[in-house]
Amino acid sequence: MKKLSLLVLVLIFACGSKLQAEEKPNIVFILIDDMGWKDVGFMGSEYYETPNIDKLADNGMRFTQAYANAANCAPTRSCILSGQYTPRHGVYTVGNPNRGKAQSRRLLAYENSLSISLDKITIAEALKPAGYVSAAIGKWHVGNTPQEQGFDFGIERDEMGYKGHLKEGAAYLADTLTDIAINFIEKNNPKETGKPFFVYLAHHSVHTPIQAKEGYSKKYEKKEGVGCQSQAEYAAMVQSVDESVARINSSLEELGLSENTILIFFSDNGGHGTYTCQKPLRGGKGMYYEGGIREPMFVYWPGTVKAGTSCEQPVISTDFYPTFLKLAGAKPPQDYTLDGVDITPLFRGKSSLKRDPLFWYFPAYLQAYSGMTDESRDPAFRTRPVSVIRDGDWKLLLFHEEWSLDGGREKISTNNSVELYNLKTDIGETTNLANIETKKRDELIDKLFGLQEKTGASIVHNSNPKYKSE
């Protein structure tokens, strides 16, 4: 009798633990590479076809003012995984921070790190104490390996023999990564394992090289372009991403996991200006105008996030880390700074959050590229060293070259170092109000300096001896 009672207690405890684990939501985070704000139907594209993505966005919450932490790949990914702004981890760009012709660069860029240091606590490491099993599938691009940074499973393109998106035998990378993600979900079904999962599916699409799945471009070649979106092979790559999202969601439905899984769709920076554009937003990948940092985003969670809703509150990719902790019931790591905020109140319909202004810091150079479909600040660079703040409807860009070398604050009106825009009335950043709204300009500069000090950033000020003025 005692043995029977003990067995019953063991079974009750085991079942209770399993149910408790299943109550924690699974997290599927789908990160697209170089997909711009308007490269999907739910954000207004009339040329690219994303019916599956649009359906999930329509049945969840779309975010109209979602931002990446940087205008290019590696720093945004580092911010997502570490939960910290760029000055804290030192990943500012991809590879060389001094791009473009040396004689055109007035400053020496900051030294750039190629990896997140191992002392940073990634989101996978922070979720582990809450019982989560995690996978990083696809583009990593932040040094070390996913396993060294706390993921239970990790696989990248090179490990599978891919260099671009196509592989001998007609295997397409987006399809292969989706297969792997589905396999991980099936093997780690919480109904069987008792552990919730976190899947970080980071597609290489729609990054260059522009390579479509065989036969996919033909449909778009026959289709008339809409405005500056007309590149058929790029459109075919977008379609493959759409099919991937549909397959992931179908797998969750078939396993009965949809209602306990939050699916988030996001991109790492703006669209590549040679192949697409984000009008009415200004600029694209590599620029700190809206087209380079504002991203398509939706949250799909049936039964929890109300269908057909839209959020106008500005959010940024460092917000995902504290949000996932909240969802998991996990404690923030001790003595570890997180720069984002928990955005779960927005999922429940709250219209605003109490937070610091959003902040970007890029102490490096990105050269211009040929064939850009949108204008940049100058013909030589997509961006020069810059710090940016968004506070309410206002956005200010402080370009370091003029600021540090031409007299600083006293010469704002003459050295063109500051640009100020009201995004509510000027989403295209066409009218610089820096010398009109001077009170707001000075207020934002003070706040920007405060954020620089708080994060350990500073204005790049070392002159480049190779610079030649025209």
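Within the stretch 427-470, what residues put their amide N at less than 20 Å from the label point 7 Å along the Cα-to-Cβ vector of ASP378?
430-435, 459-470
Per residue, how large is the accessible surface of the stretch 182-233? Use a 1.4 angstrom probe and give square angstrom.
Details: 2600 Å² over 52 residues.
I get 50 Å² per residue for this part.
R0 = 30 Å: FRET efficiency of LEU114 with LYS439, Cβ-based, nearest 0.05? Write down the numbers at each step before the final one.
Values: r = 42 Å, r/R0 = 1.39.
Efficiency, rounded to the nearest 0.05: 0.10.
Taking θ = phi - 60°, what integer Hz values does the Karplus form 6.51 cos²θ - 1.76 cosθ + 1.60 yield along the stretch 123-131, in sequence order, with x for Gly and Pro?
Coupling constants for the stretch 123-131: 4, 5, 5, 6, 7, 4, x, 8, x Hz.
So, with +1 on the Cβ of K and R and -1 on the Cβ of D and E, and no other charges, what is the size of the charge dipole of the stretch 269-324 about its Cα centre, to the nearest 20 debye? Spell out each step's value before the answer.
On the way: 5 positive and 4 negative charges, 35 e Å.
Using only the charged Cβ atoms, the result is roughly 180 debye.
On a C-alpha basis, how far is the centre of the stretch 35-54 from the centre of the stretch 222-277 in Å? Whole number, if you could?
7
Any idea of the accessible area per residue across the stretch 43-94, 1.4 Å probe, to the nearest Å²?
Working: 1100 Å² over 52 residues.
Value for the stretch 43-94: 21 Å² per residue.
About the Cα centre, and with charges only on the beta carbon of Lys, Arg (+1) and Asp, Glu (-1), how big is the dipole of the chain? Nearest 20 debye, please. Mind showing how you got there, number by number?
On the way: 54 positive and 58 negative charges, 128 e Å.
Using only the charged Cβ atoms, the result is roughly 620 debye.
Which entry in [x] 22.8, 94; [y] 24.3, 96; [z] 26.0, 91 is this structure's computed Rg and Dmax of the Cα atoms in Å?
Looking at Rg and Dmax of the Cα atoms in Å for this model, the match is [x].
The values are calculated or read from the model by the stated rules, or taken from the named source; none is laboratory data. As the structure is a prediction and not an experimental result, all values here were calculated from the model. Note: ideal-geometry Cβ built from the backbone for every residue, glycine included; neighbour counts use all protein chains shown. Just the protein is used for accessible areas: all its heavy atoms, side chains included, with ligands, DNA and RNA removed. Shrake-Rupley method; radii C 1.70, N 1.55, O 1.52, S 1.80 Å.
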